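Quick notes on the structure that follows.
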Amino acid sequence: MKSSGIWRFVIMTALSAGISGICNAAPITMPLWPDGVPWAMGNKPEDKPDITVYLPEASKASGAAVLICPGGGYECLCSSYEGHDIAKWLNSYGIAGVVLKYRISPYRHPVPLQDAQRAMKIVRSHAKDWNLDSDKIGVMGFSAGGHLASTLGTHYMTAVPSPVYPEDAISCRPSFMILIYPVITMRQLTHGGSRNNLLGASPTQAQIDEVSNELHVTKDTPPAFLAHSVKDSAVTYKNSVLFADAMKANGVPVEYLELPSGEHGLGCGKGKEWKQWQTACSAWLRNMKLVRQ
């Protein structure tokens, strides 16, 4: 690591460590690669993935954390109601929320996965600094962000080449997954825009199958909570059914909340359906012992 990168990393580590004992501290944003981003196409903000860390009040902290992948069809990032607002919601339960800014189109697979893997390693490397339990660090995603989250959960053993950093030896396997109206498959039931942005206009069948995540569930896949509306006209709820069925077939704990109403986005941070999934999810978090009792 270059000397300038070392100092940037040391300073950000010190700052982020210090906020663990401060109530209502401002979030800290950290670059995934301080010394240059692998496979970068430019030097604009969208070429520089990062994480923004929201730590809960120390008196409420459960030791759990969630890496949050906002949706946006791999074309944009809905980082407000599917990112920073979610981190604050998790904080209310004593859970740290870490919002991932990952690279999107024109970047293709496996670049978003590379960003997610790196982010998970960074969060785990700071477990002691941020008073986290390294066995309680999960991933959450919405829509195409749900595809990225489920890709991380099913492809954590797939090493994506990147510059070498000390924390690279740390596992990037999520301890659990939370998938809200997710894209899961790249096959017939996929969201066409997400597939085009991730794989290009003419992917091969092998490329499609590689990131059709229902095909990659094993007995070692992390447990999951999913929520989807049967009225979703953008990303069919059958994506969630495919994943839940694959989890059950492999004996992996899964809870699937199928909502009878609500369009894609479920109210975009407000409304009946949004409250329904959050209520069910908070109960699941308690059952998983991720909320301070």
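Among the conditions (1) buried (at least 24 other Cβ atoms within 10 Å of the Cβ); (2) part of a helix (DSSP H, G or I), ARG124 misses just one, which is (1).
Residue by residue, here is whether (1) of a type in the set (A, V, I, L, M, F, W, C); (2) in a strand (DSSP E or B) holds:
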residue: LEU189; (1), (2): yes, no
residue: LEU198; (1), (2): yes, no
residue: ASP245; (1), (2): no, no
residue: LEU257; (1), (2): yes, yes
residue: GLY269; (1), (2): no, no
residue: LYS275; (1), (2): no, no
residue: ALA280; (1), (2): yes, no
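Applying the criterion of being part of a helix (DSSP H, G or I) and β-branched (Val, Ile, Thr) to the residues of region 138-187, the residue that is farthest from SER105 (Cα to Cα) is THR154. Could you figure out which of (1) touching a residue at least 40 places away in the same chain (Cβ under 8 Å); (2) surrounded by fewer than 22 Cβ atoms within 10 Å (Cβ to Cβ); (3) farther than 30 Å from ALA206 by Cα isn't true of SER59? Failed condition: (1). Determine whether ARG103 is among the basic types (Lys, Arg) and either in contact with a strand residue (DSSP E or B) (Cβ under 8 Å, 6 or more places away or on another chain) or crowded, with 22+ Cβ neighbours inside 10 Å (or both). Judged against the criteria, ARG103 is a match. Consider region 39-56 and keep the residues that are assigned to a loop (DSSP other than H, G, I, E, B) and either in contact with a Pro (Cβ under 6 Å, 6 or more places away or on another chain) or of a type in the set (Lys, Arg) (or both). The one that is surrounded by the most Cβ atoms within 10 Å (Cβ to Cβ) is LYS48. Within region 4-27, the presence of a residue that is of a type outside the set (Ser, Thr, Tyr), touching a helix residue (DSSP H, G or I) at 6+ places or on another chain (Cβ under 7 Å) and at pLDDT 95 or above is excluded.
For region 162-171, indicate whether the set of residues that are surrounded by fewer than 17 Cβ atoms within 10 Å (Cβ to Cβ), over 21 Å from GLU258 (Cα atoms) and among the charged types (D, E, K, R) is non-empty. Checking region 162-171: at least one residue is surrounded by fewer than 17 Cβ atoms within 10 Å (Cβ to Cβ), over 21 Å from GLU258 (Cα atoms) and among the charged types (D, E, K, R).
The values are calculated or read from the model by the stated rules, or taken from the named source; none is laboratory data. Since this is a predicted model, take the numbers as computed values, not measurements. With ideal geometry, Cβ positions are generated from the backbone for all residues, glycine too; neighbour counts draw on all protein chains shown.
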